[in-house]
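Before any comments, here is the structure.
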Amino acid sequence: MYTILVINVGSTSTKLGLFRNENALFLKTVNHNSSELASFRTFIEQSTFRNRIIEDVLRQKEVKLEDVDLIVSRGGGTKPIDSGIYRINQLMCDDLLSGKYERHPANLGPVISFSLSRKIDVPAIIIDSPSADEFEPMARISGIPEIKRRSGCHVLSQKAAAGKAARDIGKRYGDINLIVGHLGGGISIGAHKKGKIIDATHGIEEGPFTPERSGSLPVLSVIELCFSGDYNKDQLLRRLVGGGGLTAYLGTNDAMVIEEKISKEAKNCEEIYRAMAYQISKEIGAMSVVLKGIVDVIVLTGGLSNSRLLTEWVREMVDFIAPVKVFPGEDEMQALADGGLRFLRGEEREKEYD
């Protein structure tokens, strides 16, 4: 019997779980609203805040670290790597803290996990990192040679939901084509071709706007904003990632608050919320072209998929492409624990980040 500690740092939440083999002993989610995160200009400034939350939960749940056999973290913004299991090392932590590949609070998860693992001398790993790259060559071409499109989607969540959808229709994930939308604080839409994500919107700088991110923007207008003198670099980055999307339009990243206002016939709220569903649907349509129209199922997952209003608006626009399955929330914690168990049992070998 193995005891596995799972740490998942997201843009608007911090999640912890303790597993005995594949069975959860506890799962805890601490959500963070826009006002709580507004004081942090960069993801690095959230380090103490996130670390304190993790320590508080471990103390409340009376977790003895010396009883833990493995720490598994959601991955962060590293250089492009293959999917699978990687042992967290100092080089990975240095790259994550530098922010040179990605600036996102998820970068803190592996760093905190590595620090805890060294205290008790057990391995710490990541599984199916958001930097896992299975793109086909055509998907990397942007529009100017200096910029390459790169993979940066919710790989762990998307693959877990895709596997669940495949089982639901009695097929193997590696034998079918799917379009998967992870809908949360970040949103990414991926084209899955026989077990690989061959193209996807980048969860931070592309695709639909989200509860707190701007998504794709008219590029010339962004350049004008950059040189307007109204923002420095950090302020503008914060405006696009953390202060964009629903937060910019409606002052909150909380979909439940917005839906309550819509129920009271707040026209502006409904227009913006529908616009997000519209953009999600547009990207699903684009990914159907990537798969040449051969799509077995469309899957919606992530925290926002709990919103029946949002998912029904999307379903209305895309179900002509393929049947739509909705898996509210995400299976990331279970997927991380299951991967950790494969590692401990020697069923899947780790790769080296170098």
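The values are calculated or read from the model by the stated rules, or taken from the named source; none is laboratory data. These numbers were taken from a predicted model, which means no experiment stands behind them. Positions of Cβ are generated from backbone atoms using ideal geometry, with glycine treated the same way; all protein chains shown enter the neighbour counts. Ligands, DNA and RNA are stripped out before the accessible areas are found, and what is left, the full protein with its side chains, is counted by its heavy atoms. Shrake-Rupley method; radii C 1.70, N 1.55, O 1.52, S 1.80 Å.
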(message) Shape verdict for the chain, please, from the Cα gyration tensor: rounded (a/c under 1.5), prolate (a/b greater than b/c) or oblate.
(response) rounded
(request) Calculate the radius of gyration of the Cα atoms of the stretch 6-58 to one decimal place, then report Dmax, the largest Cα-Cα distance, as a whole number, both in Å. (result) 12.3, 39
(message) Quick check for you: with a 1.4 Å probe and neighbouring chains kept, what is the accessible area per residue of the stretch 63-169, in Å²?
(response) 43 Å²
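Sum up the charges of everything whose Cβ sits under 14 Å from the Cβ of Ser129, counting Lys and Arg as +1 and Asp and Glu as -1, but leave Ser129 out.
Neighbourhood net charge equals -3.
Once the other residues with Cβ under 13 Å from the Cβ of Ser281 are scored (Lys, Arg +1; Asp, Glu -1), what is the net sum?
So the environment of Ser281 carries a net charge of -1.
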(message) Students often forget the sequence filter, so: which lysines lie under 29 Å Cα-Cα from Lys79 once same-chain residues fewer than 8 apart are removed?
(response) Lys15, Lys100, Lys119, Lys148, Lys159, Lys164, Lys193, Lys194, Lys196, Lys233, Lys282, Lys351
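Go through 258-267, 76-85, 339-348 and give me the packing order, highest mean Cβ count within 10 Å leading. Each step should come with its number before you reach the end.
Numbers: 258-267: 14.0, 76-85: 18.7, 339-348: 16.4.
Averaged packing, sorted descending, gives the order 76-85, 339-348, 258-267.
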(request) Rounding to the nearest 20 debye, state how big the charge dipole of the chain is about its Cα centre with +1 on each Lys and Arg Cβ and -1 on each Asp and Glu Cβ. (result) 200 debye
(request) Could you check what % of the DSSP bridge pairs in the chain are antiparallel, to the nearest 5? (result) 65 percent
(message) Using the Cα centre of the chain as origin and beta-carbon charges of +1 (Lys, Arg) and -1 (Asp, Glu), tell me which of Cys153, Asn21, Gly75 is placed farthest towards the positive end of the dipole.
(response) Asn21
(message) Suppose R0 equals 30 Å. What FRET efficiency, 1/(1 + (r/R0)^6) with r the Cβ-Cβ distance, do Phe320 and Ser221 give to the nearest 0.05?
(response) 0.40
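Which length gain, in nm to one decimal place, applies between Lys267 and Gln235 when the Cα-Cα distance is subtracted from 0.36 nm times their residue separation? Write down the numbers at each step before the final one.
Details: separation 32, 0.36 × 32 = 11.52 nm, distance 2.97 nm.
Extending this stretch completely gives an extra 8.5 nm.
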(request) Just check the stretch 169-321 against the gyration tensor rule for me: Cα atoms, a ≥ b ≥ c as the square roots of the eigenvalues, rounded for a/c under 1.5, and otherwise prolate or oblate depending on whether a/b exceeds b/c. (result) oblate
(request) Take the Cβ-Cβ distance between Glu312 and Lys171 as r, set R0 to 22 Å, and report the resulting FRET efficiency rounded to the nearest 0.05. (result) 0.30
(request) For Glu62 and Leu91, compute 0.36 nm times the residue count separating them, minus their Cα-Cα distance, and round to one decimal in nm. (result) 7.3 nm
(request) Using a 1.4 Å probe over the heavy atoms of the protein chains, calculate the carbon and sulfur portion of the accessible area of the stretch 169-321 as a whole percent. (result) 53 percent
